[in-house]
1. Between T358, T423, T38, which gets the highest mean-square fluctuation from a Gaussian network model of the chain, Cα cutoff 10 Å?
2. From the square roots a ≥ b ≥ c of the eigenvalues of the alpha-carbon gyration tensor of region 283-336, which class results: rounded (a/c under 1.5), prolate (a/b over b/c), or oblate?
3. Please give the helix 138-158 orientation as an angle from the longest Cα principal axis of the chain, in degrees from 0 to 90, rounded to the nearest 10.
4. Residue by residue through region 226-237, what is 3J(HN,Hα) from phi via Karplus (6.51 cos²θ - 1.76 cosθ + 1.60, θ = phi - 60°)? Round to whole Hz and write x for glycine and proline.
5. So if a site counts as exposed when it's one of the GluC sites (Glu not before Pro), its DSSP state isn't H, G, I, E or B, and it has at most 14 other Cβ atoms within 10 Å, what's the longest stretch of the chain without one?
6. Excluding ligands, DNA and RNA, what is the solvent-accessible area per residue of region 341-429 at a probe of 1.4 Å, expressed in Å²?
7. In the chain, what is the count of Lys pairs whose alpha carbons are under 26 Å apart, counting only pairs at least 8 residues apart or on separate chains?
8. Please list the non-local residues whose amide H lies under 5 Å from the amide H of E23, H modeled 1.01 Å from N, same-chain partners needing a gap of 5 or more.
Amino acid sequence: MENLKHSEEKDVAIDAVPLERRESWVSPAVVYAGVEFTLSVVMVGAGLVGSFSVAKVAMIVAVALLITWVGDSLNAYIGAKTGRASTVIARQSFGSLQARTLVALLVIIMGLGWWGVQTAIMANAISIALGIDYTASWGAWALIVVILGVIFGIPAILGYTSMKWTDYLAVPVGLFIFGLGVYLSVMKHGVSGIINWNPTPQMTIAVAISTVIGVNVVQWVMISDYSRQTKPGWKNAVLVPSLTMAVGFILMVVGAIMAVGVGTWDIVAVMVALGYPFWAYFMMFVAQWTTQIVNVYTPGLALSNMLNLRTGRARAMATAGIVIVGMLLALAGILSRYMDFLLLLGIVFPPIAAVMMTDFFVLRKEEWEDIQGWNLMATLALVVGILSGYYMQYKHFFGLPAIQTFIITSIAYYLLMRLKASTSPDKFTPRHWLS
């Protein structure tokens with residue numbers, strides 16, 4: 001216990017992870033792959049198979065995750081290069097004040113939202129296993145939410161080391177549970193029934209690809225929270241998200257196979273339709289655990305940055321606060337606002353990632369420094385990106401909005417910073433531009 005306590009005291013939020021404490025890419029890859037071990041990822045595949053064959057779903061998911069992989073690798077490189085968490089890295093491009101308020105707040109909202117959604121879904125599944133009607137027995141369901149919330153939160157509160165061991169246990173269990181879903185679907189429909197499934201499309205392929213990207217796009221900002229634990233270099237930056245992409249592909253295709261002929265996105269309803277045994281719902285809890293610890297660890301780091309908390313103990317307390325608020329969101333019914341939540345993520349996080357990456361790779365030539373204040377040019381570029389993303393995604397859909405928003409924001413940020421440098425350079429202006 002003393003060794004564990006000592007280890008977690010070193011799991012700080014703001015300072016760089018020392019090079020001598022960096023690990024192989026495998027450990028952060030396993031921990032971060034837990035973000036994909038979630039019922040909501042399986043739900044994406046279940047939703048897509050209502051419009052496409054299983055083979056087309058696999059193709060759509062592969063293309064979308066390949067695009068996601070590129071963004072993940074860029075952010076993972078920054079994390080490994082600097083050894084710092086996402087909202088700390090943002091201090092250079094956005095300025096420390098903006099990174100500690102606006103950017104940190106958005107990351108906290110993202111983590112809290114996902115955590116509340118996943119806890120509510122899992123509470124529904126456990127209720128089914130216990131024979132409780134969660135639509136009528138709110139009190140019993142609420143008690144399950146609280147119990148799940150406490151258990152889900154403990155590893156993230158303790159810190160990175162305990163998260164690592166949780167994932168080593170949970171990932172094999174998750175593979176077994178979702179493999180059981182494939183088996184039950186094959187038993188119900190037969191291999192030919194699954195292969196020959198060919199529904200009338202309810203969405204275009206572009207919309208389907210955008211849906212998969214939208215579920216994963218927050219990784220373009222947050223994966224550095226985990227890649228900071230590995231040594232610098234492109235090799236590790238590419239390998240850290242590799243397992244995440246593999247897991248995401250498998251689970252979305254599994255969701256498609258499970259949902260053939262069921263006709264709903266609701267993964268709990270799919271499990272009921274397939275005849276999952278009651279004990280499988282409890283094992284599903286273990287698989288969900290991997291995602292939940294990521295969903296509170298990252299906003300815990302963001303809150304620590306916001307409050308300038310520099311010790312491991314303070315980070316743990318901030319994470320505990322996130323867990324409590326997340327439980328309240330689940331109890332308040334955030335699951336019913338799931339689509340509104342995805343809307344927020346899809347239009348906000350590509351622009352944040354674009355500003356951070358453009359600043360680090362193009363403006364600063366891979367150098368990082370903690371710049372105090374508020375960079376108004378980053379704010380304006382963020383507004384341009386959010387407005388363009390909203391228009392392309394919800395007003396006049398075309399192409400792949402997340403990618404287009406990223407590109408538009410990057411161009412806007414570069415041009416705004418050039419304009420500022422030529423008219424009134426300040427501390428955010430790259431030094432080599434001044435010379």
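The values are calculated or read from the model by the stated rules, or taken from the named source; none is laboratory data. Because the structure is a prediction, the values reported are computed rather than measured. All Cβ positions, even for glycine, are placed from backbone atoms using ideal geometry, and neighbour counts span all protein chains on display. For accessibility, only protein heavy atoms count, side chains too; no ligands or nucleic acids. Shrake-Rupley method; radii C 1.70, N 1.55, O 1.52, S 1.80 Å.
1. Fluctuation is largest for T423.
2. Values: a/c = 2.82, a/b = 1.59, b/c = 1.77.
Verdict is oblate for region 283-336.
3. Approximately 50 degrees, to the nearest 10.
4. Running phi through 6.51 cos²θ - 1.76 cosθ + 1.60 with θ = phi - 60° gives 10, 5, 4, 7, 10, 6, x, x, 5, 4, 5, 4 Hz.
5. The reported range is 1-365.
6. 44
7. 18
8. For E23, the qualifying residues are T230, K231.
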